[in-house]
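Undergrad: Handing you this structure, nothing more for now.
The values are calculated or read from the model by the stated rules, or taken from the named source; none is laboratory data. Keep in mind that this is a model prediction, so the values were computed, not measured. Every residue, glycine among them, receives a Cβ derived from its backbone with ideal geometry; neighbour counts consider all protein chains shown. The protein model used for the area step is the full one, side chains on, heavy atoms only, and it has no ligands, DNA or RNA in it. Shrake-Rupley method; radii C 1.70, N 1.55, O 1.52, S 1.80 Å.
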Amino acid sequence: VQLQASGGGLVQAGDSLRLSCAASGRAFRAYSMAWFRQGPGKEREFVASISWTGSSTNYADSVKGRFTISRDNAKNAGYLQMNSLKPEDTAVYFCAAQAIPTGSTSPSSYSYWGQGTQVTVSS
């Protein structure tokens, strides 16, 4: 599975952005996927995850109620809708996928990664 994230940009606090993750390979529809982010000088951190059916989602406390993860298996794509953006959301955002769902929010549990897309939120 190859992943490519897109949709990042420079926005103001309070604005919205929608990130997309395009996947190659039919196997993607059977994989759980997630979004992670890495801010300047920080470690990569979990943002949100979604099961392969889309029926189960999980969010980091810092984004709960503001971000929504979704997927469209027919299009081999995943999404992250980000609302009410804050300057502390500034980071490079990565989509990731795993063949065997573990429930883990650790980056090391995900085998497949996109290249990342920059999100910058100005105050």
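Undergrad: Residues ARG29, ARG37: which one is out of contact with any strand residue (DSSP E or B) (no Cβ under 7 Å at 6 or more places or on another chain) and surrounded by 15 or more Cβ atoms within 10 Å (Cβ to Cβ)?
TA: Sole residue among the options that is out of contact with any strand residue (DSSP E or B) (no Cβ under 7 Å at 6 or more places or on another chain) and surrounded by 15 or more Cβ atoms within 10 Å (Cβ to Cβ): ARG29.
Undergrad: Scan the stretch 51-65 and tell me whether some residue there is outside any helix (DSSP H, G or I), out of contact with any Asp or Glu (no Cβ under 9 Å at 6 or more places or on another chain), crowded, with 20+ Cβ neighbours inside 10 Å and modelled with pLDDT of 95 or more.
TA: Looking through the stretch 51-65, none of the residues is outside any helix (DSSP H, G or I), out of contact with any Asp or Glu (no Cβ under 9 Å at 6 or more places or on another chain), crowded, with 20+ Cβ neighbours inside 10 Å and modelled with pLDDT of 95 or more.
Undergrad: With respect to ALA48, is the statement that it is in contact with a helix residue (DSSP H, G or I) (Cβ under 8 Å, 6 or more places away or on another chain) and either of a type in the set (Lys, Arg) or in a strand (DSSP E or B) (or both) true?
TA: Judged against the criteria, ALA48 is not a match.
Undergrad: I'd like to check something: does the stretch 101-109 contain any residue that is part of a strand (DSSP E or B) and either in contact with a Ser or Thr (Cβ under 7 Å, 6 or more places away or on another chain) or surrounded by 14 or more Cβ atoms within 10 Å (Cβ to Cβ) (or both)?
TA: no
Undergrad: Tell me which residues, restricted to the stretch 75-97, are farther than 17 Å from GLN115 by Cα, outside any loop (DSSP other than H, G, I, E, B) and either at pLDDT 95 or above or touching a helix residue (DSSP H, G or I) at 6+ places or on another chain (Cβ under 7 Å) (or both).
TA: The answer is GLN81, MET82, PRO87, GLU88, ASP89.
Undergrad: When the residues of the stretch 78-96 are filtered to those that are small (Gly, Ala, Ser) and within 11 Å of the chain's Cα centre (by Cα), which remaining residue is nearest to GLY7 (Cα to Cα)?
TA: My answer is GLY78.
Undergrad: Looking only at the stretch 2-25, decide whether some residue is farther than 16 Å from THR120 by Cα, in contact with a helix residue (DSSP H, G or I) (Cβ under 6 Å, 6 or more places away or on another chain) and not in a strand (DSSP E or B).
TA: no
Undergrad: If the Cβ limit is 6 Å and pairs must be 6+ apart or interchain, which residue in the stretch 109-123 that is farther than 25 Å from LYS86 by Cβ pairs with which residue that is in a loop (DSSP other than H, G, I, E, B) and open to solvent by 80 Å² or more (accessible area, probe 1.4 Å)?
TA: SER109/THR102
Undergrad: Mind listing just one residue for me: the one in the stretch 110-122 that is open to solvent by 50 Å² or more (accessible area, probe 1.4 Å) and not in a strand (DSSP E or B) and, of those, nearest to ALA22 (Cα to Cα)?
TA: Checking each candidate, the answer is GLN115.
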